[in-house]
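*Asks:* One structure, as structure tokens, below. Some questions next.
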Amino acid sequence: MAVTLAALPVALLGAEAASAAGPVPAVTGPVAGGTPAEFVFSTNFDLAKIGYKESEFFLSGTATSYTSGSPLTSDGKWAVAPSGTAPYTTRAVVRRPVDPKKFNGTVIVEWLNVSGGVDAGPDWTLTHNELVREGFAWVGVSAQWTGVQTAKGNNPALLPGNPVRYAPLSHPGDSYSYDIYSQAGQALRADSALMLGGLKPRELIAAGESQSAARLVTYIDAVHPLARVYDGFLVHSRSASGAALAQVAPPALTPTVPVPSPALIRDDLNVPVFVFQTETDVAGSNLAARQPDTKRFRAWEVAGTAHFDHYGLQIGPADLGDGQGAILNLTAMQNPPTDTSAGACTLPINTGGAHWVLDAAVFWLNQWVAKGVEPSRGPLLQTTGVSPVVFAKDANGNALGGVRSPQVDAPIATLAGVGNTPVLCGLFGTTVPFSASTLAGLYKNHGQFVAQWSKATTVGVVRGFLRPADAVELVNAAARSQIGK
């Protein structure tokens, strides 16, 4: 009986399986004129200030779509086959150290998020301080139809776009997005002299947040066993399911090969997968995305955090890594905003510590991929009910269990990932600052607050949930605050 490559367990596939991936695309660039950051919402400062350089490239080739002869199952062990091909031209934005000696050998390849109708790089926004400290290169890939259309100026209600700069771009639809993403990784290896300015990548780590995390779930379960392009995956804020394996031609979104809910990460992987979940994500998936840690799978559920938050919306895009981000965030925790890019929310939005814990997740994922050093195992958030999920709370109203941060273990506010309105604001969680009397009851003076915050920060570092450089930043912010004075 003939056995297809897709039907083989991942554990049995050797390095030669990489040849099953599609052809390497043609790379042109750097694209001259304009600034690619205008069309990748992630950073609003000149990267030269942090010793990085930004370039944009066009990738052109023939992409493959996939199908399955049987319904996809919740265990994620999917056997898929090529379904069709179509030409494409998309773009990749590269950010790399100017000094090649600072490059650590790893490229984070982010599947740009199109939930807002435009390309966005939330994982760059949230983790660029760690990426720069450690010398990562970062590449944002326009893997999906919507991002390409908006860049070309075909969605003027959201962004005027640049029809001249992006005239060559053409996307056949999201059924082809998975192979386009594979080919972007292949291009980084085959054409690193051009795309990375001569830097030679040793590891490629795929990353995606929210809607892009759903695409990665499907990519890992369906396409990775065939393509074997990426050495590890950061699945940030996933739901219980993945994204459709195939769907009708754009602009319609109707799936032709839907995925089940839940859709777990397959347990026969040959590379590490790190799933990072906020309270919003744990509640939104109704606990259905939970699966046990293994030698190739790790999940952190982080207390007091939201799917996206004030740091990601307002602080991160301008954070130079000089410590001001922690000061601004601690200040915002005492007077949190209600206004967001999605409009005004009913309640003040979350000001928790997702950014700092996510920095640690990126560091440890790279250690896992490059050196085989596994990350710490994080406890689950404690719950008392499902449908809807109800989190167990401490006396201050913060969730019990999960990966901890000083924001919840030396609290000055109640932080949650759920409970805000209207609908989009539900992604931004809530912050309820403590009253003066509550703060006085917790901390007799400023020194006691700083001591408790510092202790919680140190515990985070020891347990692997915070980076030492971030700990210094957080403790300095507490020391400079007026809390307890």
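The values are calculated or read from the model by the stated rules, or taken from the named source; none is laboratory data. The structure displayed is predicted, hence computed values, not measured ones. Note: ideal-geometry Cβ built from the backbone for every residue, glycine included; neighbour counts use all protein chains shown. In case anyone asks, the SASA skips ligands and DNA or RNA and just uses the protein heavy atoms, side chains included. Shrake-Rupley method; radii C 1.70, N 1.55, O 1.52, S 1.80 Å.
*Asks:* So, residue 228, is that one under 28 Å from residue 74 (Cα atoms), without any contact (Cβ under 8 Å) to a residue 60 or more places away in the chain and buried (at least 21 other Cβ atoms within 10 Å of the Cβ) or not?
*Replies:* no
*Asks:* Which numbered condition in (1) open to solvent by less than 30 Å² (accessible area, probe 1.4 Å); (2) in contact with a Pro (Cβ under 7 Å, 6 or more places away or on another chain) is the only one that residue 189 fails?
*Replies:* (1)
*Asks:* Restricting to region 87-116, and then to whatever is of a type in the set (A, V, I, L, M) and assigned to a loop (DSSP other than H, G, I, E, B), can you tell me which residue is farthest from residue 321 (Cα to Cα)?
*Replies:* 114
*Asks:* So in region 363-377, with the set limited to residues that are touching a Gly at 6+ places or on another chain (Cβ under 9 Å) and over 30 Å from residue 478 (Cα atoms), which one is surrounded by the fewest Cβ atoms within 10 Å (Cβ to Cβ)?
*Replies:* Residue satisfying both the conditions and the ranking: 370.
*Asks:* Given the structure, is residue 94 in contact with an Asp or Glu (Cβ under 8 Å, 6 or more places away or on another chain) and surrounded by 23 or more Cβ atoms within 10 Å (Cβ to Cβ)? Outline the logic, then answer.
*Replies:* Working: in contact with an Asp or Glu (Cβ under 8 Å, 6 or more places away or on another chain): yes; surrounded by 23 or more Cβ atoms within 10 Å (Cβ to Cβ): yes.
So residue 94 fits the description; yes.
*Asks:* Can you give me the number of residues within region 117-172 that are in a strand (DSSP E or B) and not hydroxyl-bearing (Ser, Thr, Tyr)?
*Replies:* Looking only at that region, the number is 6.
*Asks:* For region 378-485, please list each of the strands (runs of 3 or more DSSP E) lying entirely inside it that holds at least 1 residues being on the phi < 0 side of the Ramachandran plot and buried (at least 21 other Cβ atoms within 10 Å of the Cβ). Even if it seems obvious, please write down each step before you answer.
*Replies:* Working: elements: 383-385, 413-416, 430-433.
It comes to 413-416, 430-433.
*Asks:* Of the numbered conditions (1) among the β-branched types (Val, Ile, Thr); (2) touching a Cys at 6+ places or on another chain (Cβ under 7 Å); (3) closer than 26 Å to residue 480 by Cα, residue 346 fails exactly one; give the number of that condition.
*Replies:* Going through (1) among the β-branched types (Val, Ile, Thr); (2) touching a Cys at 6+ places or on another chain (Cβ under 7 Å); (3) closer than 26 Å to residue 480 by Cα one by one, residue 346 breaks only (3).
*Asks:* Tell me the residue from 360, 326 that is closer than 24 Å to residue 438 by Cβ, in a helix (DSSP H, G or I), in contact with a Leu (Cβ under 6 Å, 6 or more places away or on another chain) and open to solvent by less than 20 Å² (accessible area, probe 1.4 Å), please.
*Replies:* Of the residues listed, the single one that is closer than 24 Å to residue 438 by Cβ, in a helix (DSSP H, G or I), in contact with a Leu (Cβ under 6 Å, 6 or more places away or on another chain) and open to solvent by less than 20 Å² (accessible area, probe 1.4 Å) is 326.
*Asks:* Residue under question is residue 299, and the condition is that it be among the hydrophobic types (A, V, I, L, M, F, W, C), part of a strand (DSSP E or B) and either touching a residue at least 40 places away in the same chain (Cβ under 8 Å) or open to solvent by 20 Å² or more (accessible area, probe 1.4 Å) (or both); does it hold?
*Replies:* For residue 299, the condition - among the hydrophobic types (A, V, I, L, M, F, W, C), part of a strand (DSSP E or B) and either touching a residue at least 40 places away in the same chain (Cβ under 8 Å) or open to solvent by 20 Å² or more (accessible area, probe 1.4 Å) (or both) - is met.
*Asks:* Mind listing whichever residues of region 133-157 are out of contact with any Leu (no Cβ under 9 Å at 6 or more places or on another chain), open to solvent by 10 Å² or more (accessible area, probe 1.4 Å) and either among the charged types (D, E, K, R) or more than 25 Å from residue 238 (Cβ to Cβ) (or both)?
*Replies:* Filtering region 133-157 for residues out of contact with any Leu (no Cβ under 9 Å at 6 or more places or on another chain) gives 133-136, 145-146, 154-157.
Filter once more, so that each one left must be open to solvent by 10 Å² or more (accessible area, probe 1.4 Å): 133-134, 145-146, 154-157.
Residues satisfying the conditions are 133, 134, 154, 155, 156, 157.
*Asks:* Determine which single condition residue 317 fails, assuming it passes every other condition in (1) closer than 26 Å to residue 138 by Cα; (2) part of a loop (DSSP other than H, G, I, E, B); (3) not small (Gly, Ala, Ser).
*Replies:* All conditions pass for residue 317, except number (2).
*Asks:* Is region 272-288 home to any residue that is of a type in the set (D, E, K, R), touching a strand residue (DSSP E or B) at 6+ places or on another chain (Cβ under 9 Å) and more than 22 Å from residue 424 (Cα to Cα)?
*Replies:* no
*Asks:* In this structure, is residue 465 hydrophobic (A, V, I, L, M, F, W, C) and touching a Phe, Trp or Tyr at 6+ places or on another chain (Cβ under 6 Å)? I'd like the intermediate steps shown before the answer.
*Replies:* Values: hydrophobic (A, V, I, L, M, F, W, C): yes; touching a Phe, Trp or Tyr at 6+ places or on another chain (Cβ under 6 Å): no.
Answer is no for this residue.
*Asks:* Can you name the residue in region 240-269 that is of a type in the set (S, T, N, Q) and either touching a Pro at 6+ places or on another chain (Cβ under 7 Å) or in a loop (DSSP other than H, G, I, E, B) (or both) and is also surrounded by the fewest Cβ atoms within 10 Å (Cβ to Cβ) among such residues?
*Replies:* In this case the residue turns out to be 254.
*Asks:* If you don't mind, another one. Give the residues of region 329-348 that are in contact with a Ser or Thr (Cβ under 7 Å, 6 or more places away or on another chain) and surrounded by 17 or more Cβ atoms within 10 Å (Cβ to Cβ), sorted by residue number.
*Replies:* Scanning region 329-348 gives 329, 330, 332, 333, 336, 345, 347, 348.
*Asks:* Ok, one more. Being assigned to a loop (DSSP other than H, G, I, E, B) and either over 17 Å from the mean Cα position of the chain (by Cα) or of a type in the set (A, V, I, L, M) (or both) is the filter here, so list the residues in region 182-233 that pass it.
*Replies:* To start, the set of residues in region 182-233 that are assigned to a loop (DSSP other than H, G, I, E, B) comprises 191, 196-202, 210, 228-231.
Listed by number, the residues that qualify are 191, 196, 197, 198, 199, 200, 201, 202, 228, 229.
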